[in-house]
Amino acid sequence: MSDDQSLGREINLALRRVLQSGREMQGALARHLGVRVTDVQAVDHVVSSAQPLGPVELGNRLGMRSASATALVDRMVAAGHLEREPDPRDGRRITVRATDHARDEVRRALTPLVDRIAEIASRLDEDQARTVLGFLDEVTDAMHDYAVSGRSDIPSG
């Protein structure tokens, strides 16, 4: 195995550890907030989506059937974490949004982690930071493409 292959394997394994730690972090956040991991994932999808999500779209992103997604949204609305509202582009359609309460709770819970990551990032010089950011963006795109297509043979950009 060449040095490039060995380094590539090490990077792959490091990314797998990051992903595993992310799942562990979601579990810890869910326990801290007293909700299910799926609830944490739902809030994350709603907050990070570029477009408003309806319950069915949210369920699709979480790999749930429509009835399960509706039950999740009902539970999250009752807990004060999500609100239903008319879609701003199509008033017949209902979307969900995270409440200020949910955003504040998550922000408070994640502040120690966010601060630690910021401290780690502050040790990078500008060129290193740009390299890391570019790498992470490309990996994110590759993972998204795989999730959307279900294929790993998508050519890189």
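The values are calculated or read from the model by the stated rules, or taken from the named source; none is laboratory data. Keep in mind the model is a prediction, meaning the values are calculated, not measured. Because the Cβ atoms are built from the backbone with ideal geometry, glycine has one as well, and the counts that use them run over all protein chains shown.
Observations on the structure shown:
- Residues (among the hydrophobic types (A, V, I, L, M, F, W, C) and either assigned to a helix (DSSP H, G or I) or within 16 Å of the chain's Cα centre (by Cα) (or both)) located in the range 84-119: ALA98, ALA102, VAL106, ALA109, LEU110, LEU113, VAL114, ILE117, ALA118
- Checked against the criterion of being more than 18 Å from SER48 (Cβ to Cβ) and without any contact (Cβ under 8 Å) to a residue 60 or more places away in the chain, the candidates ARG107, ARG93 yield just one match: ARG93.
- In the set (1) under 24 Å from VAL43 (Cα atoms); (2) surrounded by 12 or more Cβ atoms within 10 Å (Cβ to Cβ), the condition left unmet by VAL132 is number (1).
- Boolean, VAL18 is at pLDDT 95 or above and either among the β-branched types (Val, Ile, Thr) or on the phi > 0 side of the Ramachandran plot (or both): yes
- Looking across the range 59-83 at every residue that is touching a His at 6+ places or on another chain (Cβ under 9 Å) and in a helix (DSSP H, G or I), the one that is farthest from VAL35 (Cα to Cα) is identified as ARG61.
- Only one entry in VAL56, VAL46 is surrounded by 18 or more Cβ atoms within 10 Å (Cβ to Cβ) and in a helix (DSSP H, G or I), namely VAL46.
- Screening ALA14, ALA28 for residues that are out of contact with any Lys or Arg (no Cβ under 7 Å at 6 or more places or on another chain), free of Cβ contacts under 8 Å to residues at least 12 places away in the same chain, surrounded by 13 or more Cβ atoms within 10 Å (Cβ to Cβ) and in a helix (DSSP H, G or I) leaves exactly one candidate, ALA28.
- Qualifying residues in the range 31-43 (those that are hydrophobic (A, V, I, L, M, F, W, C) and in a helix (DSSP H, G or I)) - the one modelled with the lowest pLDDT: LEU33
- Pairs meeting the criteria (first residue in the range 65-80 and under 21 Å from HIS101 (Cβ atoms), second residue exposed (fewer than 13 other Cβ atoms within 10 Å of the Cβ), beta carbons under 8 Å, at least 6 apart or on different chains) are GLY80/HIS101.
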